[in-house]
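**Student:** To start, I am sharing the structure in question, which I have written as structure tokens.
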Amino acid sequence: MIGNINSIETMGLVDGPGIRIVVFLQGCKLRCLFCHNPEMWNNEIKLQMTSEELVRRILKYKNYFDDNGGVTFSGGEPLLQKDFLIETLKLCKTCNIHTALDTSGYGDGEYDEILKYVDLVIFDVKALDNNKYREMTSRNIDESLNFLDACQRNNKKMWIRQVIVPGINDNIDYIKQLKEFVRPLKNIEKVEFLPYHLMGVNKYKELGLKYRLDGVPEMNKEKCDELYKVFQTI
């Protein structure tokens with residue numbers, strides 16, 4: 001099985017517990033307003049590897065994983081390369097490697113087989129209702145909710161991530177709604193607020209794409225931290 005990979009990051013420290021290899025798979029159906037990796041949207045071939053080749057590369061760093069490190073599959077949207085992802089995850093588990101999936105939950109609707117081999121799901125919240133989700137991503141929310149249901153059905157451990165964008169969701173009302181969205185979910189180990197940044201803006205210019213949040217400033221980290229404290233106390 002051959003996968004289309006954008007890049008591989010070694011010694012990652014933020015995409016899951018411990019020290020990790022982060023594999024960024026090419027392709028994504030969402031067009032998020034705040035996306036900082038537009039070069040991963042299409043299916044352009046960057047780097048192709050078989051599952052076996054990728055796992056051999058991951059194994060080179062296994063000594064750094066200690067008890068809680070491992071590999072995180074990110075993107076783009078890793079769910080779009082389902083067969084390659086399943087085969088690679090299976091090989092990782094035979095090698096006793098902790099596996100994490102960083103995803104928006106927007107694949108093809110069949111997630112149970114994938115989730116059998118995933119130790120941790122890092123779920124990226126885009127919006128909380130269909131209208132806002134469509135504004136944010138140009139897609140409907142249904143598939144994302146379908147994936148969440150699969151995580152609950154398979155009893156997966158989860159981290160929840162929310163990008164906080166000035167003028168869009170940096171307010172108490174949204175934070176309260178997010179709390180209600182997260183509250184019924186099982187096995188939530190962590191919720192993270194990520195302040196919106198401008199590090200990907202130049203990529204849009206290079207690709208000849210319009211940046212739809214032009215003029216929106218970076219999110220103030222202190223305010224982001226304050227909103228997270230509100231989230232914790234609700």
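Read the figures in this text as sums done on the coordinates, not as results from a lab. None of the values given here were measured: they were computed from a predicted structure. Cβ atoms come from the backbone with ideal geometry, glycine included; neighbour counts cover every protein chain shown.
**Student:** For the Cα atoms of the chain, what angle does the longest principal axis make with the long axis of helix 221-233, in degrees from 0 to 90, nearest 10?
**Tutor:** Result, in degrees: 90.
**Student:** For 151, 95, what's the fewest-to-most ordering of other Cβ within 10 Å of each Cβ?
**Tutor:** Exposure proxy ranking, most exposed first: 95, 151.
**Student:** Quick one: which residues, 5 or more positions from residue 191 or on another chain, have an amide H under 5 Å from its amide H? H modelled 1.01 Å from N in the peptide plane, none for Pro or chain starts.
**Tutor:** 160
**Student:** How big is the antiparallel share of DSSP beta bridges in the chain, given as a percent to the nearest 5?
**Tutor:** Of the beta bridges lying entirely in the chain, close to 25 percent run antiparallel.
**Student:** Now for a different question. Quick one: angle between helix 172-182 and the longest Cα principal axis of the chain, in degrees between 0 and 90, rounded to 10, please.
**Tutor:** The helix 172-182 is inclined about 30 degrees to the chain.
**Student:** Using Cα-Cα distances under 8 Å and only pairs 6 or more residues apart, what relative contact order does the chain have, in percent?
**Tutor:** About 17 percent, as a whole number.
**Student:** From the phi angles alone, apply the Karplus equation (6.51, -1.76, 1.60; θ = phi - 60°) to segment 49-66 and give each ³J(HN,Hα) in whole Hz, x where the residue is Gly or Pro.
**Tutor:** 9, 7, 4, 5, 4, 5, 5, 4, 5, 4, 5, 4, 10, 4, 4, 7, 6, 6
**Student:** In whole Hz and in residue order, list the ³J(HN,Hα) couplings for segment 135-140 that follow from phi through the Karplus curve 6.51 cos²θ - 1.76 cosθ + 1.60, θ = phi - 60°; x for Gly and Pro.
**Tutor:** Once θ is set to phi - 60°, the couplings for segment 135-140 become 4, 7, 10, 6, 10, 7 Hz.
**Student:** If amide hydrogens are placed 1.01 Å from N in the peptide plane, which non-local residues have theirs closer than 5 Å to the one on residue 69?
**Tutor:** 19
**Student:** Okay, moving on. Taking a threshold of 19 Å on the Cα-Cα distance, which of the pairs 126/176; 157/221; 186/221; 203/223; 156/186; 90/190 fall above it?
**Tutor:** With Cα atoms farther than 19 Å apart: 157/221; 186/221; 203/223; 90/190.
**Student:** Here's something else I'd like to know. Compute the label zone of residue 138 within segment 44-66: residues whose backbone N is under 19 Å from the point 7 Å along Cα-to-Cβ.
**Tutor:** 44-45
**Student:** Quick one: Debye curve from the alpha-carbon atoms of segment 127-214 only, equal weights, vacuum; give me log10 I(q)/I(0) at q = 0.19 Å⁻¹ to two decimals.
**Tutor:** Those come out to -1.05, one per q.
**Student:** In degrees, nearest 10, range 0 to 90: what is the angle between the Cα axis of helix 142-153 and the longest Cα principal axis of the chain?
**Tutor:** In the chain, helix 142-153 runs at an angle near 60 degrees to the longest axis.
**Student:** Something else: Percentage of Cα-Cα pair distances in the chain greater than 27 Å, rounded to whole percent?
**Tutor:** Taking all Cα-Cα pairs of the chain, the fraction more than 27 Å apart is 34 percent.
**Student:** Which three extents, in angstrom, do the Cα atoms of segment 1-75 have along their principal axes, listed largest first?
**Tutor:** Largest to smallest, the principal-axis extents are 36, 28, 13 Å.
**Student:** Okay, next question. Residue by residue, what Karplus-based ³J(HN,Hα) values in Hz, rounded to whole numbers, does segment 102-109 have, using 6.51, -1.76 and 1.60 with θ = phi - 60° and x for Gly and Pro?
**Tutor:** After applying 6.51 cos²θ - 1.76 cosθ + 1.60, I find 9, 8, 8, x, 10, x, 10, x Hz.
**Student:** Under 19 Å between alpha carbons, and skipping anything fewer than 8 positions from residue 179 in its own chain: which aspartates and glutamates qualify?
**Tutor:** Partners found: 124, 129, 149, 170, 189, 192, 225, 226.
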